[in-house]
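The values are calculated or read from the model by the stated rules, or taken from the named source; none is laboratory data. Everything numeric in this text was worked out from a predicted model, so none of it was measured. Glycine gets a Cβ as well: all are built from the backbone with ideal geometry, and neighbour counts include every protein chain shown. Keep in mind that these areas ignore ligands, DNA and RNA; they rest on the heavy atoms of the full protein, side chains included. Shrake-Rupley method; radii C 1.70, N 1.55, O 1.52, S 1.80 Å.
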Amino acid sequence: MTNNNPIGVFDSGIGGTSIWNEIHNLLPNEKTIYLADSKNAPYGQKTKEEIVALSKKNVDFLIEMGCKLIVVACNTATTNAIRELRADYDIPFIGIEPAIKPAANNSKTQVIGILATKGTLNSELFNKTAEMFQNTTIIEQVGHGLVQLIEDGQLNSPQMTELLESYLQPMIDANIDYLVLGCSHYPYLIPQIKKILPDHIQIIDSGEAVARQTQNILREKVGFSDLKESEPEFYVNSNPAVLESILDYKYPVIHKDF
């Protein structure tokens, strides 16, 4: 089955490009449309009702663009809104949530850390998943301020280093051996996180797993593209400069109000 319609990817801002990268690398022939709702970032401090409404707005945009499948490249939107999206739209959705399972199953100390947004850690979906691992101590930390600094282009700022040290040191002291990144923005912080964490602590994010699931859904339900080349499209409803820089200026970014 061939289907040359695009894959839609949305996030509360630029962070979901970490997920987009994995999808694009695994499925280079697929056309992709990335939507950054940076005007409303971060989602992590919003109510469930606000997150659902914003997610539906993003989905409406991507459906208008003809998308055949939508990746919710935002932990907060997935954990708060994906059930409503699947109920209200007749299109496959792939979500992203913190990779607790591989961390808990592989932990030798039985202590793992989760760095995520308030919206993700407070969600019903996250708490149901966490309850499955009663024998593992899960150190939860809300990453207050991290998303906003990334969206403001302050990835390597002293403020970022200070925040990360304050969030990670208690986890190190608690003897974690896995750190789960529970926000799609956070993979961009891995180089700085590695400078703070001891070498034995493993870092896990969900990008590769989401790309593989996207491939599975294309194979089973939607159909692959047979395009030889396809230029991705990027849309943002705030200043395009930060998104352009995170993409290394390889692709044009279109400013659009939505």
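Which shape class applies to region 100-258: rounded if a/c is under 1.5, otherwise prolate when a/b exceeds b/c and oblate if not, where a ≥ b ≥ c are the square roots of the Cα gyration tensor eigenvalues? Verdict is oblate for region 100-258. The mean sequence distance of close C-alpha pairs (under 8 Å, at least 6 residues apart), as a share of the length of region 41-176, puts its relative contact order at 24 percent. Every helix of 4 or more DSSP H residues in the chain counts as -39500 (n - 2.57), and over all residues that averages to -12000 deg cm²/dmol at 222 nm. Under 5 Å from the amide H of GLY143 lie the amide H atoms of ALA116, THR117, LYS118, each residue being 5 or more positions distant or on a separate chain, with H modelled from the backbone and absent for Pro and chain starts.
Using Cα-Cα distances under 8 Å and only pairs 6 or more residues apart, what relative contact order does the chain have, in percent?
On the way: 490 pairs, mean separation 73.5, N = 258.
Rounded, it is 28 percent for the chain.
In terms of the Cα gyration tensor, with a ≥ b ≥ c the square roots of its eigenvalues, is region 164-258 rounded because a/c is under 1.5, prolate because a/b exceeds b/c, or oblate? Taking the square roots of the gyration eigenvalues as a ≥ b ≥ c, region 164-258 is oblate. Among ASP199, ASP37, the order of accessible area from largest down is ASP199, ASP37, computed with a 1.4 Å probe on protein heavy atoms.
Select from region 83-132 those trypsin sites (Lys or Arg not before Pro) which occupy a DSSP coil region and have at most 11 other Cβ atoms within 10 Å, ordered by residue number. Kindly include the intermediate steps, with their values, before the conclusion.
Numbers: sites: ARG83, ARG86, LYS108, LYS118, LYS128; in loops: LYS108.
Sites meeting the loop and neighbour criteria: LYS108.
Could you tell me whether region 73-190 comes out rounded, prolate or oblate from its Cα gyration tensor? Rule is a ≥ b ≥ c as square roots of the eigenvalues, rounded for a/c under 1.5, then prolate if a/b exceeds b/c, otherwise oblate. It is oblate, given that a/c is not under 1.5 and a/b is not larger than b/c. Given a 1.4 Å probe and the protein chains as shown, ASP226 ends up with an accessible area of around 90 Å². Per-residue accessible area (protein heavy atoms, 1.4 Å probe) orders THR161, THR137, THR78 as THR137, THR161, THR78, starting from the largest.
Taken as entire DSSP H runs, the helices of the chain that both span 15 Å or more between Cα atoms along their own long axis and average -1.0 or more on the Kyte-Doolittle scale are 48-64, 75-88, 158-173, 207-217. In plain terms, the bigger the Kirkwood radius, the slower the diffusion; for region 1-139, with that radius from Cα pairs, at 10 °C and 1.306 mPa s, Stokes-Einstein puts D at 100 µm²/s. If you take the Cα centroid of region 114-144 and the Cα centroid of region 2-16, the two points sit 26 Å apart. Got a sec? Charge dipole of region 146-238, +1 on Cβ for Lys and Arg, -1 for Asp and Glu; which of THR161, GLN148, GLY182 is way out at the positive end? Going by the Cα projections, it comes out as GLY182. So which trypsin sites (Lys or Arg not before Pro) in region 153-258 are both in a DSSP loop and have at most 13 other Cβ atoms within 10 Å of their Cβ? Within region 153-258, the qualifying trypsin sites (Lys or Arg not before Pro) (loop, at most 13 other Cβ atoms within 10 Å) are LYS228, LYS250, LYS256.
Centroid-to-centroid, using Cα positions, region 193-258 and region 43-59 are 20 Å apart. Computed with every protein chain present, the accessible area of ILE196 is close to 40 Å² [probe 1.4 Å].
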